[in-house]
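The values are calculated or read from the model by the stated rules, or taken from the named source; none is laboratory data. All of these numbers come straight from a predicted model, not from anything done at the bench. No Cβ is skipped: glycine too gets one built from the backbone with ideal geometry, and neighbour counts run over all protein chains shown.
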Amino acid sequence: MVKLKAFIIGKVKDKASIGKVQLIHSFSSKSVRYIHLALLKSTTHSSHKPPDSNYVSDVLSYSNSRYSPAAFAAVMSRLRVTKNAFVAAKSLIVYHKLMKSSTDKFEGFDRGRHNLKLNDFLDKSSNLTVELSRWVNWYALYLESLSWISKVLGSFPNLIESSKEKAKEKDSVSSYQTGYIMRQTESLVSFFEHICTRPETPPLFQNKIVDEIRELVIQDYFTVIRLVMIRLQVLSERLIKPGMEPVGDPGSNDLSLILVRLEECKESLSGFFWRCRRLAEDFWSLVG
C-alpha cells in the first residue's frame, strides 16, 4: 500500500513537472524545451530503474551543439530542486554521460566548491532512499573529482584501448616536464582514492540505479588506469636514462609516495579486476 501510494504521488509529480516546464519554456527555443522535457522523462519520480536510455540519448544529442550549456544547466537545475533520491541519482547519471559525450573541454565544478550542494542530501522516505542518498552524496563528489581531472589533463579522460591512441598519448606525455607529469599522476591517483570511498552496500541491497552508477565508474576507472600507466612508464624511462632531470623530490610529488598511495588503493579496487583482468594485472605489476 505504501509503495502504491509513493508510485501514485511520483506519477503526479512527474506530470506536474512536465506541465511546469512546458509553461516556463513556452517562449524558449524548441531545442531548449526539448532538452528539459527529455530530461524530466529520463529522471522520473515513479520509476526506480536507471534513466530511460532513449530519453537520455535525446539529451546527449545536444552535448556537442551550441545547446550543450543548456543541457548541463538543465541537469544542474533538476539536481538543485529535487529532494527525491531516485531523481537525484538518475540526474547525476545523465550529468555523467553528458560529461563523457561532450568533446569540448568540460569546465564542470569549481575545485573545492560543491556547486550542486549534494553532500548533505538525504531522502528519508524509506530505507531504500536513505541508502540511495549515500550514493548521491558520494557520486556528486565523484563527478567533481572527474571534472577536476578533465581540467588537469585538458580534456575528459576518454583514452580508448588501441595501440595508436596509446602511442599518441605517450608521445604527448613524453613532451611534458617531469614535474607536470607528476602533478597529473597525483591527480589521477586522488581520483582512485575517491573511488575507494564509495559506499559499502548492504548484502541484501539491490538497486539497478546503483548498478548503473557502478558500471560508469568502472568504465572511468579502466580509462584512468591506462592514463596512469603511460605516465608511470614515461617517469620510469626518465629515471634510467642518463642526462634526464631526476624525478625524485623530497616534497609531496615524490614518485615513491605516489606508488605507495596506489598500493593502498589496490585492495578496494580489486573488485573491478574481473572486467579487464589482464590490464589490471599489468597495471598493478607496474605499480608493485
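Structural remarks
- Near pairs, Cβ below 8 angstrom, 6+ apart or cross-chain, from region 197-218 (within 18 Å of THR44 (Cβ to Cβ) and surrounded by 13 or more Cβ atoms within 10 Å (Cβ to Cβ)) to any residue that is modelled with pLDDT under 95 and of a type in the set (Lys, Arg): ILE209/LYS49
- Hey, GLU264 modelled with pLDDT under 90, of a type outside the set (Gly, Ala, Ser), in a helix (DSSP H, G or I) and surrounded by fewer than 18 Cβ atoms within 10 Å (Cβ to Cβ) or not: no
- Count of residues meeting criterion [in contact with a helix residue (DSSP H, G or I) (Cβ under 6 Å, 6 or more places away or on another chain) and closer than 14 Å to ARG33 by Cα] in region 61-71: 4
- When region 100-121 is limited to residues that are surrounded by 13 or more Cβ atoms within 10 Å (Cβ to Cβ) and either closer than 22 Å to VAL81 by Cβ or over 14 Å from the mean Cα position of the chain (by Cα) (or both), the one that is modelled with the lowest pLDDT turns out to be HIS114.
- Elements of type helices (runs of 4 or more DSSP H) contained in region 28-83, each with 3 or more residues being modelled with pLDDT of 90 or more, closer than 26 Å to ASN207 by Cα and touching a Lys or Arg at 6+ places or on another chain (Cβ under 8 Å): 53-60
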